[in-house]
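Heads up, the thing below is written out as structure tokens.
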Amino acid sequence: MAKKKTQYTCKSCGYKSVAYMGKCPSCGQWETFEIQEEDTRPAGASRAKVQAKRLNQVQTREENRVQTSLKEFNRVMGGGILPDGVTILAASPGAGKSTLLFQVANDLAKRGISVLYASGEESETQIKDRALRISPDISDQLWIYGGTSLDRVLDQVEEIGAQALIVDSIQTFSLEAYPQRPGSPTQTMECAHALVDLAKNPVQPRMVFLVGQLTKENELAGVRALEHLVDTVLFIDHESREELRILVATKNRFGSTGEMGFFRMTDRGMTSIDNPSMYFMTQRKAGEELSGSALGLIKEGTRPVIVEVESLVSQSFTPYPQRISDCMGKDRLNTLVSILEERAGLGLFDKNIVIKTTGGISLKEGASSLAVLLSIASSLSHRPIGGDQVFIGDVGLTGEIKAVPSMELRLKEAARMGYKRAYTMPLSKDLVKSLEGQIEIKERRLLKEVIQEVLGT
């Protein structure tokens, strides 16, 4: 007969101790230890009888991914949803986790796939109210369950024959076999293991989506092993006052890690932004260009995106001019301003400078530096930049334009969007020749050369 071993586990990080401790030595949190009992069995007593196979004799599977009407969601998932994939979606409160997954659930149901939406946070009435707000056309194949018993959820999956399951959120559910409260490391991991087993059933595979809660440090709540267990980890990045939502895949066993999808949060739910380059720029007619605007080309995930950088330079009447930006760090902005002063000879020591991007996208890549500098120079000189040209390149402290990765991909996107001219660093002759006739490439070595040519200053 198996014996019981008592130990204490930190509910914040999963650290285990044979005795109770007030402060966890691993994560430093106070009063986080919970008592739990584990079975102790002889070594090898619970080993499954699995026969080893030769690798070249293992049967491969065909990836019949399920497509949804949300193209950006399909992109982030690696081209669609795998029939036996387990995905966890996390975000801060109000980002749209439940909204997005309800839209996915209803979309799958309309395609004839039976879906069970289990919520441990909302009642059935609350789920129905949100559903009617997002989509009054609810499929008959969409089922809901309001409760926190995962045992009951698993029974319901078998009873209705659900092919897809959404659990919102994993930290609110529990299994009767374990005495710990919902959200504890033991309950969270055991519930996750049960759901993975459900999804990976060779006879009846199922699509499983889990909603994960975030800690105050914006990390997935629970032990790190939860992220290792699932196939795909998605995060929704957003600013509370902006409608833009960016879906990021930080892990994907069957797709590209770091892939991004763009959405707008509206009264009718999440709307896929299928052409981000059009969304992140202002549509102006020829001759309507204004000073302080320049177009750059950044890379989000595997996709190049054209962004509009707007600058406002004004006279400061205080000893310390303001440097304001909601799309990049203040230190980086100050560095770029210093480069303009020293390497391009522009006087900005007594000027306030405000930077922003159309659509609110962040400029994390160095490839946006040239566009930022040209927009500031344009605002300072009150001379507009033609709307048919883009600027691609990082700028060093020496004022030289530096190389950035994926130049061919970026230039092809600029050509596809109809731009006639691209200013960038010196490129290989083969690359320039391959794009001949599609877009005019202006290769320049120094920032000062680009400013003089574009603005005539």
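Calculate, for residue 69 and residue 416, the FRET efficiency according to 1/(1 + (r/R0)^6) with r their C-beta to C-beta distance and R0 22 Å; round to the nearest 0.05. Please report the intermediate quantities before stating the final value.
Numbers: r = 24 Å, r/R0 = 1.08.
After rounding, the FRET efficiency stands at 0.40.
Along the charge dipole of the chain, pointing to its positive end and built from +1/-1 on Cβ of Lys, Arg, Asp and Glu, which listed residue (316, 398, 282) has its Cα farthest out?
It is 398, whose Cα lies furthest towards the positive end.
What number, in percent, do you get for the relative contact order of segment 173-296 if the mean sequence gap of Cα pairs under 8 Å and at least 6 apart is divided by its residue count?
After rounding, I find 12 percent.
Between residue 218 and residue 155, what is 0.36 nm times their sequence separation minus the Cα-Cα distance? Round to one decimal in nm. Write down the numbers at each step before the final one.
Values: separation 63, 0.36 × 63 = 22.68 nm, distance 3.33 nm.
In short, 19.4 nm is gained.
Calculate how steeply helix 330-343 sits against the longest principal axis of the alpha-carbon atoms of the chain, using the helix alpha-carbon long axis, and give the answer as 0 to 90 degrees to the nearest 10.
It works out to around 20 degrees.
Only Lys, Arg, Asp and Glu count, each charged at its Cβ (+1, +1, -1, -1), so figure out the dipole size of the chain about its Cα centre, rounded to 20 debye.
Magnitude of the dipole: close to 1000 debye.
Grab the DSSP H runs of the chain that are 4 residues or longer, score each as -39,500 (n - 2.57), total them, divide by all residues and round the 222 nm result to the nearest 500 deg cm²/dmol.
Helices in the chain give a 222 nm mean residue ellipticity of -7500 deg cm²/dmol.
Taking only C-alpha pairs under 8 Å that are 6+ residues apart, what is the relative contact order of the chain in percent?
On the way: 912 pairs, mean separation 53.4, N = 457.
Computed over the chain, the figure is 12 percent.
Name all residues of segment 276-307 having a backbone nitrogen under 12 Å from the label point set 7 Å from the Cα of residue 381 along its Cα→Cβ direction, giving them as ranges.
In segment 276-307, the label zone of residue 381 (backbone N under 12 Å from the point 7 Å along Cα→Cβ) covers 292.
Give the carbon-plus-sulfur fraction of the accessible surface of segment 98-226 in %, rounded to a whole number; probe 1.4 Å, heavy atoms of protein chains only.
Roughly 46 percent, rounded to a whole number.
FRET efficiency for residue 59 and residue 123, Cβ-Cβ distance as r, R0 = 60 Å, nearest 0.05?
Rounded to the nearest 0.05, the efficiency is 0.85.
Can you tell me which of 352-360, 271-279, 423-431 comes out highest on packing, and rank the rest after it, using the mean Cβ neighbours within 10 Å?
Taking the mean over residues of other Cβ atoms within 10 Å, the ranking is 352-360, 271-279, 423-431.
Once all Cα-Cα distances of segment 298-390 are split into 10 Å bins that start at 0, what whole-number percent is in each one?
15, 51, 28, 5, 0
Let me check against my output: what whole-number percent is the relative contact order of segment 228-355, with C-alpha pairs under 8 Å and at least 6 apart?
16 percent
May I ask for the net charge around residue 267, where only other residues with Cβ less than 12 Å from the Cβ of residue 267 are counted and Lys, Arg are +1 while Asp, Glu are -1? Could the numbers behind the result be given before it?
Details: positive: 130, 133, 264, 268; negative: 243.
Value of the local net charge: +3.
Net charge near residue 323: determine it from the other residues with C-beta under 11 Å of the C-beta of residue 323, scoring Lys and Arg +1 and Asp and Glu -1. Could you put the intermediate results ahead of the total?
Details: positive: 330, 332, 351; negative: 331.
So the surrounding residues net to +2.
The chain: percent of C-alpha pairs farther apart than 41 Å?
Of the Cα pairs, 35 percent sit more than 41 Å apart.
Beyond 25 Å, what share of the Cα-Cα pairs of segment 175-284 is found? Please give it as a whole percent. Mind dumping the intermediate values first?
Numbers: 2276 of 5995 pairs.
Pairs farther apart than 25 Å: 38 percent.
Can you give the Rg/Rh ratio of segment 309-457, where Rg is from the C-alpha atoms and Rh is the Kirkwood radius? Spell out each step's value before the answer.
Working: Rg = 15.3 Å, Rh = 15.8 Å.
On the Cα set of segment 309-457, Rg over Rh gives 0.97.
Taking the Cα atoms only, what angle lies between the long axis of helix 124-134 and the longest principal axis of the chain, rounded to 10 degrees?
Approximately 30 degrees, to the nearest 10.
In the chain, which cysteines lack any other cysteine Cβ under 4.7 Å from their own?
191, 327
Using alpha-carbon positions, what is the distance between the centroids of segment 327-347 and segment 246-293, in Å?
What the calculation gives is 27 Å, centre to centre.
Quick check: net charge around residue 29, other residues with Cβ under 9 Å of its Cβ, Lys/Arg +1 and Asp/Glu -1?
Once positives and negatives cancel, what remains is +1.
Of the beta bridges DSSP finds with both residues in the chain, what % are antiparallel, to the nearest 5?
55 percent
Let me see the P(r) profile for segment 75-128: every Cα-Cα distance counted, bins of 5 Å, each bin given as a percent of all pairs.
Spelled out bin by bin, segment 75-128 gives 4, 14, 24, 30, 17, 9, 2 percent.
How many Å² of accessible area per residue for the chain, probe 1.4 Å?
50 Å²
By how many degrees, between 0 and 90 and to the nearest 10, does the Cα long axis of helix 369-381 differ from the longest principal axis of the chain?
Roughly 40 degrees between the two axes.
The values are calculated or read from the model by the stated rules, or taken from the named source; none is laboratory data. Keep in mind that what you see is a predicted model, and the values were worked out from it rather than measured. Every residue, glycine among them, receives a Cβ derived from its backbone with ideal geometry; neighbour counts consider all protein chains shown. Note: areas computed on protein heavy atoms with side chains; ligands, DNA, RNA excluded. Shrake-Rupley method; radii C 1.70, N 1.55, O 1.52, S 1.80 Å.
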